[in-house]
């Protein structure tokens with residue numbers, strides 16, 4: 001008797017506004033069991049989506065689907081993340097609409113936002129954290145590897161309490177050529193003030209990368225959040 005593969009959610013990106021309308025989505029099915037949760041992986045500038053999806057092999061728990069949308073020309077927004085928000089607005093809001101649409105489609109197919117994780121590195125980490133602040137929900141978890149909220153606002157606006165209870169891990173090397181650690185700290189404070197359960201880890205003198213100890217922290221968070 002042939003075992004059937006578990007049914008995967010059907011997702012469509014054609015309704016998102018430009019420039020990220022029609023983004024390709026790379027997927028990794030759960031290693032075991034039917035789909036009960038999902039993680040959306042957001043890649044860094046210039047990197048293919050498939051690269052960050054490899055993190056799912058480290059972080060994915062039983063029943064978790066891995067999804068990695070690919071930005072137009074492999075960049076979520078054109079300028080530095082701390083440039084005035086207007087410089088990146090069209091691209092960032094397109095990306096936020098894409099992420100929100102994926103979460104809504106998963107919800108309609110039986111995976112609520114509280115069973116969805118956002119994971120990002122560098123530009124993707126900035127986008128995941130910015131999405132949490134501008135489009136707050138009770139997410140399953142957020143893991144951001146070297147990133148901070150997008151724009152030049154200082155201090156960051158207080159996040160709505162919709163995100164209260166969401167476990168959040170922020171890890172960042174310091175100093176970093178792209179992400180000032182002060183913005184990582186400010187983002188952590190903004191999320192914590194809204195009730196998110198925030199863990200912040202600083203890695204002095206490390207390269208712009210994702211570290212094994214960060215992965216271990218995020219994996220432990222996922223195992224609790226998606227038990």
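Since every read-out is calculated from the coordinates, none of them should be taken as a lab result. Since the model is a prediction, treat every value here as computed from it, not as a measurement. So basically every Cβ, Gly included, is an ideal-geometry build from the backbone, and we count neighbours across all protein chains shown.
Checking the structure you have, find out if any residue of the range 211-218 is crowded, with 19+ Cβ neighbours inside 10 Å, in a helix (DSSP H, G or I), touching a helix residue (DSSP H, G or I) at 6+ places or on another chain (Cβ under 7 Å) and at negative phi. There is at least one residue in the range 211-218 that is crowded, with 19+ Cβ neighbours inside 10 Å, in a helix (DSSP H, G or I), touching a helix residue (DSSP H, G or I) at 6+ places or on another chain (Cβ under 7 Å) and at negative phi. Restricting 68, 97 to residues that are out of contact with any strand residue (DSSP E or B) (no Cβ under 7 Å at 6 or more places or on another chain) and closer than 23 Å to residue 140 by Cβ narrows the list to 97. Please indicate, with yes or no, whether at least one residue in the range 53-63 is touching a residue at least 24 places away in the same chain (Cβ under 8 Å), surrounded by 19 or more Cβ atoms within 10 Å (Cβ to Cβ), in a loop (DSSP other than H, G, I, E, B) and more than 15 Å from the chain's Cα centre (by Cα). Taking every residue of the range 53-63 in turn, at least one turns out to be touching a residue at least 24 places away in the same chain (Cβ under 8 Å), surrounded by 19 or more Cβ atoms within 10 Å (Cβ to Cβ), in a loop (DSSP other than H, G, I, E, B) and more than 15 Å from the chain's Cα centre (by Cα).
Is it the case that some residue within the range 21-33 is in contact (Cβ under 8 Å) with a residue 24 or more places away in the chain, more than 20 Å from residue 101 (Cβ to Cβ), crowded, with 19+ Cβ neighbours inside 10 Å and out of contact with any helix residue (DSSP H, G or I) (no Cβ under 6 Å at 6 or more places or on another chain)? Yes, because at least one residue in the range 21-33 is in contact (Cβ under 8 Å) with a residue 24 or more places away in the chain, more than 20 Å from residue 101 (Cβ to Cβ), crowded, with 19+ Cβ neighbours inside 10 Å and out of contact with any helix residue (DSSP H, G or I) (no Cβ under 6 Å at 6 or more places or on another chain). Considering (1) loosely packed, with under 15 Cβ neighbours inside 10 Å; (2) assigned to a helix (DSSP H, G or I); (3) in contact with a helix residue (DSSP H, G or I) (Cβ under 6 Å, 6 or more places away or on another chain), the lone condition that residue 46 does not fulfil carries the number (2). Within the range 198-210, the set of residues being surrounded by fewer than 17 Cβ atoms within 10 Å (Cβ to Cβ) and out of contact with any helix residue (DSSP H, G or I) (no Cβ under 8 Å at 6 or more places or on another chain) comprises 204, 205, 207, 208, 209.
Of everything in the range 98-118 that's touching a helix residue (DSSP H, G or I) at 6+ places or on another chain (Cβ under 7 Å) and within 21 Å of residue 43 (Cα to Cα), which residue is surrounded by the most Cβ atoms within 10 Å (Cβ to Cβ)? Only one residue tops the list, namely 117.
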